[in-house]
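These notes are about the structure you will find just below.
The values are calculated or read from the model by the stated rules, or taken from the named source; none is laboratory data. Worth saying up front: this structure is predicted, and the values here are computed from it rather than measured. Here the Cβ is made from the backbone with ideal geometry for all residues, glycine too, and neighbour counts use every protein chain on show.
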Amino acid sequence: MADVEAIIFDLDGTLTRPVLDFDAIRTELGLPPGPLLERMETMSSEQRRRAEQVLHRHEAQAARHSELHDGASPALRALHDRGLRLAILTRNSRRSVQTVLDRHGLTGLFEVAYTREDGPAKPSPQPVLEICRRLGVGAGRTWVVGDYLFDIQAGRAAGAGATALMIGDKEPPEYADQADHVIRRLDQLLELVDV
């Protein structure tokens, strides 16, 4: 097996098909394009409270209707059965994470779930390092898997052993070359960790 003890997964777009419509959220809030959480940090407390309500509503709906990527559940179970420690790192809310895990029967597979309520968000490396600390695993023996640039940046900045960009059936984005691996299905991780 490759030199890996733990895998940290993003949630929306990585484990589940991407359903959160960030453009609709920004439109409802009257915000220009750009990362939503960072925009919210610059708001007044009243604006931020309203923005959080809108975001929670959209996230709750997305979580309730979430669908896993094809083969995601068997792949996660196979990784878990190989003794790998699994964690989630997301910019979503803790409630949304729990809804998705419960909906798809995945709760027992993940030892740690780090959400935006837990501290700095991706692309900061701090969440990756905190998850590694909680698992008792070095960053260099941990892989980070996600569908967006922030996932890759967080993993690389934390010194993760490898990063994998999940693209599904989309064309590889311009930043795909920053990831150590580009995958279309989560079961491809099985081949990568078994070398």
So, first residue hydroxyl-bearing (Ser, Thr, Tyr) in the stretch 175-195, second residue surrounded by 14 or more Cβ atoms within 10 Å (Cβ to Cβ), Cβ within less than 9 Å, six or more apart or across chains; the pairs are 175/148; 175/149; 175/152; 175/153; 175/165
So residue 87, is it outside the structural domain of residue 144 (by TED's automatic domain parsing) and either aliphatic (A, V, I, L, M) or touching a strand residue (DSSP E or B) at 6+ places or on another chain (Cβ under 9 Å) (or both)
no
By residue number, the members of the stretch 3-18 that are modelled with pLDDT under 90 and either crowded, with 16+ Cβ neighbours inside 10 Å or touching an Asp or Glu at 6+ places or on another chain (Cβ under 7 Å) (or both) are 18
Please state which one of 119, 146 is touching a strand residue (DSSP E or B) at 6+ places or on another chain (Cβ under 9 Å) and assigned by TED's automatic domain parsing to the domain that holds residue 11.
146
Complete set of residues in the stretch 165-192 that are touching a Gly at 6+ places or on another chain (Cβ under 8 Å) and either surrounded by 20 or more Cβ atoms within 10 Å (Cβ to Cβ) or of a type in the set (A, V, I, L, M, F, W, C) (or both):
165, 166, 186
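Return yes when residue 163 is within 19 Å of residue 76 (Cα to Cα) and not charged (D, E, K, R) and no when it is not. Working first, answer last.
On the way: within 19 Å of residue 76 (Cα to Cα): yes; not charged (D, E, K, R): yes.
Criteria met by residue 163.
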Regarding the stretch 126-145, can at least one residue be identified that is closer than 21 Å to residue 72 by Cβ and of a type in the set (Lys, Arg)?
no
